[in-house]
Amino acid sequence: MQNSLFRRTEEEKLKKEGRVPPGQALTQKFPVLHYGPVPQFDPATWKFEVWGEVEQPLTLNWIEFNELPKTSLTMDIHCVTRWSKFDTNWQGVSVKTLVDQGLIKIKPSARFVLQHAEYGFSVNLPLDIVTAENFLLATHYEGAPITPDHGFPLRGVVGAVLEKTELVVPYFWKGAKWLRGLEFLAEDAPGFWEQAGYHNRGDVWKEERFG
């Protein structure tokens, strides 16, 4: 009862601050939602790839990936199943940083990015969201490695950064768990859930849940 009262009080506070999108509700847990089994991770064979509309393809093993510059982000995240979790802290690699430092050189023809994950799973996003400050290739959550059921060793994460209100905020499914690569595209290509009927953009403030 006390926890329920605290949740409602905190949710009302967040609503007054304008941080709760339409149709969303605060959760104090971190629900696990995904399609298919949790894959096994083998650091000896794992690799991350970047290809498509880039000047040069990139392939990194686990050691090389962990040598990339790190970023820490605090974001509100919003699931299409209507839960929201606020002030979550993530650590990992920012695509924006990799582009700014010349580690990824994107061709002018690139307009979209397809995240490729284990089991052939994929998620599409516009290039301007992937290279924005609220998208992260995350390895850690709240200071610890992401758990296997939340995407270990690497997942895409997209959310709302408090001081960056101009950034587009997609639903949380738009960051792929168990991420293995990024394909830069000239034309859009729907991912797994988009092909199954989810909205292609998934803007949380417009309640773009389903197509």
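Any read-out appearing in this document is the output of simple, stated calculations on the displayed coordinates, not a laboratory observation. Everything numeric here is computed off the predicted structure, so don't read it as measured data. Positions of Cβ are generated from backbone atoms using ideal geometry, with glycine treated the same way; all protein chains shown enter the neighbour counts.
Quote the FRET efficiency, to the nearest 0.05, computed for Lys105 versus Trp51 with a Förster distance R0 of 22 Å and r equal to the Cβ-Cβ distance. Display every interim value, and only then the final one.
Numbers: r = 12 Å, r/R0 = 0.56.
My answer for the efficiency is 0.95.
So what is the 222 nm mean residue ellipticity for the chain from helices alone, if each DSSP H run of at least 4 adds -39500 (n - 2.57) and you divide by all residues, rounding to the nearest 500 deg cm²/dmol?
Working: 5 runs with 33 residues, N = 211.
Helix contribution divided over all residues of the chain: -4000 deg cm²/dmol.
Neighbouring Cβ atoms within 10 Å as the yardstick, rank Lys177, Lys16 fewest first. Could the numbers behind the result be given before it?
Working: Lys177 27, Lys16 9.
The order, fewest Cβ neighbours first, is Lys16, Lys177.
Where q = 0.09, 0.19 Å⁻¹, what log10 of I(q)/I(0) comes from the Debye formula for the chain, counting one point per Cα?
After summing over all Cα pairs, the log10 values are -0.34, -1.53.
Report, to the nearest 10°, how far helix 2-16 tilts away from the longest principal axis of the Cα atoms in the chain, using its own Cα long axis and a range of 0 to 90°.
70
Set the bar at 23 Å for Cα to Cα. Now go through Lys16/Lys96; Lys15/Lys206; Lys164/Lys206; Lys29/Lys177 and name every pair that lies beyond it. Before the final figure, lay out the partial values.
Details: Lys16/Lys96 31 Å; Lys15/Lys206 16 Å; Lys164/Lys206 17 Å; Lys29/Lys177 18 Å.
With Cα atoms farther than 23 Å apart: Lys16/Lys96.
Pairs of Cα atoms under 8 Å, at least six residues apart: use those to get the relative contact order of the stretch 43-206, whole percent. Write down the numbers at each step before the final one.
Details: 367 pairs, mean separation 44.3, N = 164.
In percent, rounded to a whole number, it is 27.
At a 10 angstrom cut-off on C-beta neighbours, averaged per residue, how do the peptides 50-58, 152-160, 100-108 rank from highest to lowest?
Numbers: 50-58: 14.9, 152-160: 23.4, 100-108: 12.8.
Packing proxy ranking, top to bottom: 152-160, 50-58, 100-108.
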